[in-house]
Amino acid sequence: MDLSHTSPAPTAPPPTPPDSDPSAVKGRAVHPGDKIFRGLSRGSGITLLVIMAAIAAFLTYRASIALSANSANFLTAFEWNPQGDPPAFGIGILAFGTAVSSVIAMVIAVPVAVGIALFISHYAPRRIAAPLAYVIDLLAAVPSIIYGLWGALFLVPYLDGLTRWLDRFLGWTTLFEMSNPGSPARSIFTVGILLAIMILPIITNVCREVFLQAPKMYEEAALALGATRWEVIRMSVLPFGRSGIISASMLGLGRALGETMAVATVLSPGSVFTWHLLDPGSGTFAQNIAAKFNEADEFGRDALIASGLVLFVITLLVNGAARYIIARRKEYSGADA
């Protein structure tokens, strides 16, 4: 009998594991604890969205009342006079001061924070790393008003020498030129330094935890190939922690943008636009609201709320940009390794 043309006997499909069977999963009993946890998680997310929507609606409603009677361009005007006839106010000075102070803080804080995080996670002995990390954690818990008092009573007097040095050697850049060399250092530059000190613990803590999660096998492989300690960090740790550094920086930027009491204690605000960072002249959104809210009438408070709405939108845009950058760089971060 010729069996060359006979079809092979069909083989039975492999059994489906019980955990991957949809019917088995669907029919599996759900514990009451799972239902409670799912409901609490879902409710927490919905509650957060409702609170954010309520804040946005309140700010928009109160801001529309003031903006409808404003005689100036709200986004570009430098004047702040809601009590005038007609009222005229704008956020030009406030936006400039907020942006410049935050940029100064980020330029100073991010490199220092990354360096401290690398020292704690990869260089310092354990007997030094643990106390240093504990001190950094304590700095993150210090209230803002304490930083403000320290900045006003200690930082401002001791920055006089630095500001005069900058005016002498870098005054030709216009940015570090002082119109009145004898005035106290209550300027946007001082506020930027103070904000850098305040956001340093936040960025350091996040970066430290990210660097500690770097895959050890990558570091050991680089060391086995003869790489130095810095080459290991540059080729293995920093690429893995890139998205974490961005996240930490955005967290610090969020605090720098909305900081109130420390800035209000140190800064001498003005209503004159100037590129001289060492001169008083520019305020910030949060500082302007804190300084003028008590003395403002109902319409003036609506104007301040309008500036708060702008700060609210800026904060949302910063966080949205951070999420976008992290999502784009996720495949390069090493998180999937």
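The values are calculated or read from the model by the stated rules, or taken from the named source; none is laboratory data. Keep in mind that this is a model prediction, so the values were computed, not measured. Every residue, glycine among them, receives a Cβ derived from its backbone with ideal geometry; neighbour counts consider all protein chains shown.
Quick grid of which residues meet (1) among the small types (Gly, Ala, Ser); (2) surrounded by fewer than 19 Cβ atoms within 10 Å (Cβ to Cβ); (3) in contact with a Phe, Trp or Tyr (Cβ under 6 Å, 6 or more places away or on another chain); (4) part of a helix (DSSP H, G or I):
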{"site": "93", "(1), (2), (3), (4)": "no, no, yes, yes"}
{"site": "98", "(1), (2), (3), (4)": "no, no, yes, yes"}
{"site": "105", "(1), (2), (3), (4)": "yes, no, no, yes"}
{"site": "109", "(1), (2), (3), (4)": "yes, no, no, yes"}
{"site": "117", "(1), (2), (3), (4)": "yes, no, yes, yes"}
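From the list 67, 48, the one residue that fits, being within 18 Å of residue 296 (Cα to Cα) and surrounded by 10 or more Cβ atoms within 10 Å (Cβ to Cβ), is 67. Residues in region 76-92 that are without any contact (Cβ under 8 Å) to a residue 24 or more places away in the chain and of a type outside the set (D, E, K, R): 76, 77, 81, 84, 86, 88, 90. Residue 131 fulfils the conditions (1) surrounded by 16 or more Cβ atoms within 10 Å (Cβ to Cβ); (2) under 30 Å from residue 230 (Cα atoms) except for a single criterion, (1).
Residue-by-condition table, conditions (1) under 29 Å from residue 174 (Cα atoms); (2) not hydrophobic (A, V, I, L, M, F, W, C):
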site: 251; (1), (2): no, no
site: 254; (1), (2): yes, yes
site: 257; (1), (2): yes, no
site: 281; (1), (2): yes, yes
site: 286; (1), (2): yes, no
site: 291; (1), (2): yes, no
site: 296; (1), (2): no, no
site: 312; (1), (2): no, no
site: 317; (1), (2): no, no
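You will find that of 2, 85, 34, 19, the residue that is exposed (fewer than 14 other Cβ atoms within 10 Å of the Cβ), in a helix (DSSP H, G or I) and either modelled with pLDDT under 85 or aliphatic (A, V, I, L, M) (or both) is 19 and no other.
Filter region 163-192 for residues that are free of Cβ contacts under 8 Å to residues at least 12 places away in the same chain and either under 30 Å from the mean Cα position of the chain (by Cα) or over 19 Å from residue 272 (Cβ atoms) (or both) and give the result.
Step one: of region 163-192, the residues free of Cβ contacts under 8 Å to residues at least 12 places away in the same chain are 165, 168-173, 182.
Scanning region 163-192 gives 165, 168, 169, 170, 172, 173.
Residues that are over 20 Å from residue 89 (Cα atoms), in contact (Cβ under 8 Å) with a residue 60 or more places away in the chain and assigned to a loop (DSSP other than H, G, I, E, B) do occur in region 207-220, at least one of them.
Of the residues 75, 40, 59, which is hydrophobic (A, V, I, L, M, F, W, C), out of contact with any Leu (no Cβ under 8 Å at 6 or more places or on another chain), closer than 30 Å to residue 313 by Cβ and modelled with pLDDT of 85 or more?
Numbers: 40 fails: closer than 30 Å to residue 313 by Cβ; 59 fails: out of contact with any Leu (no Cβ under 8 Å at 6 or more places or on another chain).
It is 75.
Filtering 154, 176, 169, 189 for residues that are farther than 17 Å from residue 116 by Cα, not in a helix (DSSP H, G or I) and not aliphatic (A, V, I, L, M) leaves a single hit, 176. Summed over region 282-291, the residues that are small (Gly, Ala, Ser) and surrounded by 21 or more Cβ atoms within 10 Å (Cβ to Cβ) give a count of 3. Residue count for region 254-283, restricted to those that are of a type outside the set (S, T, N, Q), closer than 17 Å to residue 151 by Cβ and not in a helix (DSSP H, G or I): 7.
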